[in-house]
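> Quick one: structure below, then a few questions.
The values are calculated or read from the model by the stated rules, or taken from the named source; none is laboratory data. Predicted model, so just to flag it, every value in this text is computed and none were measured. Here the Cβ is made from the backbone with ideal geometry for all residues, glycine too, and neighbour counts use every protein chain on show.
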Amino acid sequence: MYLNTAIKNRLLLDKNHTLHDMKKYSIILFLSFSIFACQKKVKIPKCSIASIAIENSSRKGPYQDFDTLFEMHKEYTAKSFDYPVGKPDGKGYYNAQKFTKNNHLGDDWNGVGGGNSDLGDPIYSIANGYVTAAEDLDGGWGKVIRIVHLFKGKYYESIYAHCQTMTVQKDTWVKKGVPIATIGNADGIYLAHLHLEIRDTLFMEIGPGYSNDTRGYLDPTLFINKN
């Protein structure tokens, strides 16, 4: 799971407060309804308002933590997507290795100047979201940022790899278009570029970057252009 112990504890505290309030108001509503039922001779159902509130507040599933987070921070729900480099619309950059070319699982964004001309250029968040990772994975990945987005009721993840520097931290919120990192070369392994992935399945491992199995992966440029 992406969320660390501190975040889970914070969520638990918030949910306990919320549950306490829900119980309190549910009891008030239940008592009011009971009085009304006695006056009007209405039969009270076995499933009380309080039990419904408790059931709804304890929904299970792997996305529960994100459901809770985005419910508490609705302003960070994604409304649209944009390119991660070159404002506006990727100006000054080109997609050097597109999705599925050579079994590539993302897009490689390069500056039109070629070589390391784009080294240190800003990388932007493609949409509002929650940063689940900002770490140096070494090897061919280098510094990597992972962001979860809630968009039209579905979850997506964007991954930004080979960064030179990272300006965001894990367990923080970002808005679309804010700088989150700078373009790097994985400590000299490649010429400078941004490897961008978009996934429609969360909780996947970082992966190989190349594969003929594209399940869970989306064409980044196509997705951004549509949304």
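> For the stretch 68-107, which residues satisfy the criterion of being charged (D, E, K, R) and surrounded by fewer than 21 Cβ atoms within 10 Å (Cβ to Cβ)?
Selection gives Glu71, Lys74, Glu75, Lys79, Asp82, Lys87, Asp89, Lys91, Lys98, Lys101.
> A further question follows. Given the conditions (1) within 16 Å of the chain's Cα centre (by Cα); (2) in a strand (DSSP E or B); (3) more than 15 Å from Leu105 (Cα to Cα), which single one is not true for Val168?
The number of the failed condition is (2).
> So, one more: Can you find, within the stretch 55-68, the residue that is modelled with the highest pLDDT among those that are in a helix (DSSP H, G or I) and over 27 Å from Asn225 (Cα atoms)?
First, pick out the residues of the stretch 55-68 that are in a helix (DSSP H, G or I): 55-56, 64-68.
Narrowing the set further to residues that are over 27 Å from Asn225 (Cα atoms) leaves 55-56, 64-65, 68.
Details: Glu55: 33, Asn56: 32, Gln64: 89, Asp65: 91, Thr68: 94.
Filtering the stretch 55-68 for residues that are in a helix (DSSP H, G or I) and over 27 Å from Asn225 (Cα atoms), the one modelled with the highest pLDDT comes out as Thr68.
> Counting only residues that are of a type in the set (D, E, K, R) and in a loop (DSSP other than H, G, I, E, B), which one in the stretch 177-214 is nearest to the chain's Cα centre (by Cα)?
Asp200
> Another question about this same structure. I need every pair where a residue in the stretch 132-157 that is more than 18 Å from Val168 (Cα to Cα) has its Cβ under 6 Å from the Cβ of a residue that is modelled with pLDDT of 95 or more and among the charged types (D, E, K, R), sequence separation at least 6 or different chains.
Qualifying pairs under 6 Å: Tyr156/Asp200.
> Please name all residue pairs, on different chains or six or more residues apart, with Cβ atoms under 9 Å, provided the first residue is in the stretch 108-119 and is in contact (Cβ under 8 Å) with a residue 40 or more places away in the chain and the second residue is of a type in the set (D, E, K, R) and part of a loop (DSSP other than H, G, I, E, B).
Asp108/Lys98; Trp109/Asp118; Asn110/Asp118; Gly111/Asp118; Gly111/Asp121
> Can we say Ala133 is outside any loop (DSSP other than H, G, I, E, B), touching a strand residue (DSSP E or B) at 6+ places or on another chain (Cβ under 9 Å) and surrounded by fewer than 20 Cβ atoms within 10 Å (Cβ to Cβ)?
Taking the combined requirement at face value, the residue satisfies it.
> Are any of the residues in the stretch 150-162 charged (D, E, K, R), assigned to a strand (DSSP E or B) and touching a Lys or Arg at 6+ places or on another chain (Cβ under 7 Å)?
yes
> So how many residues does the stretch 72-107 have that are of a type in the set (Phe, Trp, Tyr) and either outside any strand (DSSP E or B) or without any contact (Cβ under 8 Å) to a residue 12 or more places away in the chain (or both)? Steps first, answer last, please.
So in the stretch 72-107, the residues of a type in the set (Phe, Trp, Tyr) come out as 76, 81, 83, 93-94, 99.
Imposing the further condition that a residue be either outside any strand (DSSP E or B) or without any contact (Cβ under 8 Å) to a residue 12 or more places away in the chain (or both) reduces the set to 76, 81, 83, 99.
Residues that pass the stated criteria total 4.
> Within the stretch 171-192, which residues are touching a strand residue (DSSP E or B) at 6+ places or on another chain (Cβ under 8 Å), at positive phi and not small (Gly, Ala, Ser)?
Passing the criteria: only Asp171.
> If you don't mind, another one. Condition check: part of a strand (DSSP E or B) and under 22 Å from Gln97 (Cα atoms). Does Leu222 satisfy that?
It is false that Leu222 is part of a strand (DSSP E or B) and under 22 Å from Gln97 (Cα atoms).
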